[in-house]
Amino acid sequence: MIVQLMYLVAALCFILALKGLSSPKYARYGNFIGAFGMLVAVVTAYVHGVVHNGLLILIAVALGVAVGIPAARSVKMTAIPQMVALFNGVGGAAAALVALAEFFAVRDPGFLFLLATVLTVLIGSVSFSGSVVTFLKLQELMTTRPVLLPAGQQLAIAAGVSSVALGALVMTTENGLLLWLLAIAGLALGVLFVLPVGGADVPIAISLLNAFTGLAVAASGYVLANTLLIVAGTLVGASGTILTRLMAQAMGRSLANILFGAFKATAVAAQGEEQRTVKAGTVEDVAILLGYANNVVVVPGYGLAVAQAQHAARELVSQLEQRGVSVSYGIHPVAGRMPGHMNVLLAEADVPYEQLKELDDINPGITSVDVALVVGANDVVNPGARDEPSSPIYGMPIFDVDRAKSVVFMKRSMRPGFAGVDNELLYNPKTTLLFGDAKDSLTKLLAAVKAL
Amino acid sequence: MIDLLTIFVLAVFVGFEVVSKVSTILHTPLMSGANAIHGVILVGAILITGSAESTLELVLGLLAVFLATVNVVGGFVVTDRMLEMFRK
């Protein structure tokens with residue numbers, strides 16, 4: 001009785017946590033409440049449910065804490081998405097392992113128990129291997145472009161079909177070996193599922209896998225007949241699904257389109273064009289352009305964060321403001337590697353929240369903007385997304401900086417953006433390119449503006 | 001069994017409801033927070049290990065406890081770090 005009450009407390013905490021995390025004001029409390037609920041649940045489970053192996057469990061928990069906390073503390077803000085992917089993956093793996101262990105413990109499994117076990121093992125495995133692949137992509141340990149294996153689709157279908165077949169066999173034969181094979185099929189399915197997803201869409205895959213892990217946990221709740229696992233897992237599964245849809249909407253794409261590869265045919269099309277001319281400028285040119293403008297919009301992208309140039313950007317902006325230039329930041333919903341990622345990165349550099357503007361704040365007045373300064377962004381200002389139905393990112397809302405009076409494009413090289421798509425804006429006569437490391441260039445710009 | 005199903009269905013609706021309106025700024029922290037919450041599988045891992053009778057169960061259980069702990073503590077800490085940035 002008391003145990004169920006404690007689990008109820010924990011479940012309520014989780015609901016309040018998700019609610020809190022949805023509002024900027026209470027987000028941090030929300031997270032604390034969630035952590036508190038987790039503590040209640042874990043202590044309850046330990047005190048009430050542990051018959052033996054208590055010490056070993058404590059050691060395993062201590063090891064987990066020793067790995068998890070330093071990892072979460074030391075990760076750079078730019079690398080947060082792949083860290084979340086890893087944490088999600090290990091959660092999925094844990095769910096699969098729990099179901100496997102319980103399967104070998106139970107003597108006379110019923111139909112629903114078997115169904116729940118099969119689902120937990122399968123979804124947990126998919127979530128684990130899929131998350132590992134997203135990690136490798138975001139960490140750029142492998143190519144960020146969609147990977148299309150020869151017969152990749154057939155392989156994925158084969159893995160899917162054998163998963164279903166193995167699941168059915170496990171349910172009829174109750175054979176442990178087959179359950180292991182199912183786990184392996186799930187691992188293969190997870191890899192094949194994420195490989196074709198293009199770099200810019202990987203965060204959406206992470207969000208979806210997050211929802212998957214939630215469902216695996218919910219299914220494991222049926223395996224263990226534990227209401228808390230069902231409630232918490234379902235909450236994450238449901239909210240994760242909604243969140244995935246919201247993210248896809250922010251990119252102007254449907255989920256099916258993202259997952260099953262519109263990137264397929266067109267990703268190569270941009271290559272093989274003849275060299276075209278671009279206009280490269282010097283730091284001094286750009287400083288004059290900025291220093292005598294009335295109205296500047298800075299569009300930062302992931303390149304800014306990678307170069308650790310947030311602080312340099314903020315200093316340049318304050319300097320411009322002292323000169324009476326009105327400056328705002330245009331933050332694309334998917335700037336960075338995850339929706340909202342850029343807001344986190346700029347907040348870290350003490351950029352005031354009021355200066356961060358969204359698409360709908362910037363675009364209507366874009367024609368009166370004197371200079372649009374694009375720093376380390378690319379895809380989010382690519383006019384192809386608006387004008388070229390053949391472009392792989394067509395339909396994604398962008399900042400219409402090509403309609404500003406002039407554009408300064410700070411780039412490290414002519415390399416295309418994360419999505420691997422060429423950007424017409426680079427060849428626009430209004431565009432001045434400033435090549436170099438973003439931090440370096442911004443620091444030089446700051447000095448040049450000061451000297452004006 | 002129908003009880004568990006009832007709980008499941010109600011939880012689906014609560015899950016949909018709580019995040020139906022959320023600004024893009026909070027997408028990343030919210031995903032990360034939800035990620036920490038599914039670390040509740042730690043409860044399952046502890047229960048299973050605490051009653052494990054064979055070596056296989058024990059090994060699987062302990063591994064699950066370890067991984068789930070990483071999920072939980074890492075998830076909450078990383079979410080807090082993100083949200084810390086918004087404090088102003």
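The values are calculated or read from the model by the stated rules, or taken from the named source; none is laboratory data. Being a predicted model, the structure only gives us computed values, none of them experimental. Neighbour counts run over all protein chains shown; Cβ positions are idealised from the backbone, glycine included.
This table checks each residue for (1) within 7 Å of chain A (Cβ to nearest Cβ); (2) under 23 Å from A:L208 (Cβ atoms).
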position	(1), (2)
B:I2	no, no
B:G15	yes, yes
B:N35	yes, yes
B:I41	yes, yes
B:T49	yes, no
B:F66	yes, no
B:T69	yes, no
B:G75	yes, yes
B:V78	yes, yes
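For region A:397-412, the set of residues classified as surrounded by fewer than 19 Cβ atoms within 10 Å (Cβ to Cβ) and under 12 Å from A:V375 (Cα atoms) consists of A:R412 only. Taken together, the criteria exclude A:G110 from residues that are within 23 Å of the chain's Cα centre (by Cα), facing another protein chain (nearest Cβ under 10 Å), over 19 Å from A:L345 (Cβ atoms) and small (G, A, S).
Pull up region B:1-41, narrow it to residues that are hydroxyl-bearing (S, T, Y) and out of contact with any helix residue (DSSP H, G or I) (no Cβ under 6 Å at 6 or more places or on another chain), then point me to the one that is farthest from A:P24 (Cα to Cα). It would help to see each step written out before you state the result.
Within region B:1-41, the subset hydroxyl-bearing (S, T, Y) is B:6, B:20, B:23-24, B:28, B:32.
Add one more test, that the residue is out of contact with any helix residue (DSSP H, G or I) (no Cβ under 6 Å at 6 or more places or on another chain), and what stays is B:6, B:20, B:23.
Numbers: B:T6: 32, B:S20: 15, B:S23: 8 Å.
Result: B:T6.
Picking from residues in region A:54-63 that are more than 7 Å from every other protein chain (Cβ to nearest Cβ) and within 35 Å of the chain's Cα centre (by Cα), the one that is nearest to A:Y7 (Cα to Cα) is A:L58. Within region A:286-308, the set of residues being aliphatic (A, V, I, L, M), more than 25 Å from A:P24 (Cα to Cα) and touching a helix residue (DSSP H, G or I) at 6+ places or on another chain (Cβ under 7 Å) comprises A:V286, A:A287, A:L290, A:V296, A:V306, A:A307.
Listed by first and then second residue, the pairs with beta-carbon distance under 8 Å, at least 6 apart or on different chains, first residue in region A:18-29 and not assigned by TED's automatic domain parsing to the domain that holds A:N343, second of a type outside the set (V, I, T) and assigned to a loop (DSSP other than H, G, I, E, B), are A:K19/A:Y26; A:G20/A:Y26; A:S22/B:K21; A:P24/B:S23; A:P24/B:F86; A:A27/B:F86; A:R28/B:F86; A:R28/B:R87.
Among the residues of region A:12-53, count how many are among the aliphatic types (A, V, I, L, M), closer than 24 Å to A:A238 by Cβ and within 8 Å of another protein chain (Cβ to nearest Cβ). Don't jump to the end; show me each part of the working.
First, pick out the residues of region A:12-53 that are among the aliphatic types (A, V, I, L, M): A:12, A:15-18, A:21, A:27, A:33, A:35, A:38-43, A:45, A:47, A:50-51.
Checking the rest, the ones that are also closer than 24 Å to A:A238 by Cβ come to A:12, A:15-18, A:21, A:27, A:33, A:35, A:38-42, A:45.
From what's left, within 8 Å of another protein chain (Cβ to nearest Cβ): A:15, A:17-18, A:21, A:27, A:35, A:38, A:41-42, A:45.
Result for region A:12-53: 10.
Out of the residues in region A:340-357 that are part of a loop (DSSP other than H, G, I, E, B) and over 19 Å from the mean Cα position of the chain (by Cα), which is nearest to A:K76 (Cα to Cα)? First the steps, then the outcome.
Of the residues in region A:340-357, the ones part of a loop (DSSP other than H, G, I, E, B) are A:340, A:349-352.
Now narrow it down to the ones that are over 19 Å from the mean Cα position of the chain (by Cα): A:349-352.
Numbers: A:A349: 13, A:D350: 16, A:V351: 18, A:P352: 21 Å.
Taking the candidates together, the pick is A:A349.
Which of the residues spanning region A:1-11 are assigned to a helix (DSSP H, G or I) and more than 10 Å from chain B (Cβ to nearest Cβ)?
Restricting attention to region A:1-11, the residues satisfying the condition of being assigned to a helix (DSSP H, G or I) are A:2-11.
The answer is A:I2, A:V3, A:Q4, A:L5, A:M6, A:L8, A:V9.
For A:M342, the criteria (1) crowded, with 18+ Cβ neighbours inside 10 Å; (2) over 18 Å from A:L445 (Cβ atoms); (3) out of contact with any His (no Cβ under 9 Å at 6 or more places or on another chain) hold in every case but one, which is (3).
Which residue is surrounded by the most Cβ atoms within 10 Å (Cβ to Cβ), if the candidates are limited to region B:50-88 and must be among the hydroxyl-bearing types (S, T, Y) and modelled with pLDDT under 95? Filtering first and then ranking leaves B:T79.
The C-beta contact set for region A:65-79 (first residue within 7 Å of another protein chain (Cβ to nearest Cβ) and assigned to a helix (DSSP H, G or I), second residue buried (at least 17 other Cβ atoms within 10 Å of the Cβ) and hydroxyl-bearing (S, T, Y), distance under 7 angstrom, 6+ apart or interchain) comprises A:V65/B:T69; A:G68/B:T69. Could you go through region A:351-360 and let me know if any residue there is on the phi > 0 side of the Ramachandran plot and out of contact with any helix residue (DSSP H, G or I) (no Cβ under 6 Å at 6 or more places or on another chain). There is no residue in region A:351-360 that is on the phi > 0 side of the Ramachandran plot and out of contact with any helix residue (DSSP H, G or I) (no Cβ under 6 Å at 6 or more places or on another chain). Taking helices (runs of 4 or more DSSP H) as the structural unit, those lying wholly within region A:159-269 and holding at least 2 residues that are hydroxyl-bearing (S, T, Y) and either outside the structural domain of A:A93 (by TED's automatic domain parsing) or in contact (Cβ under 8 Å) with a residue 24 or more places away in the chain (or both) correspond to A:202-224, A:227-250.
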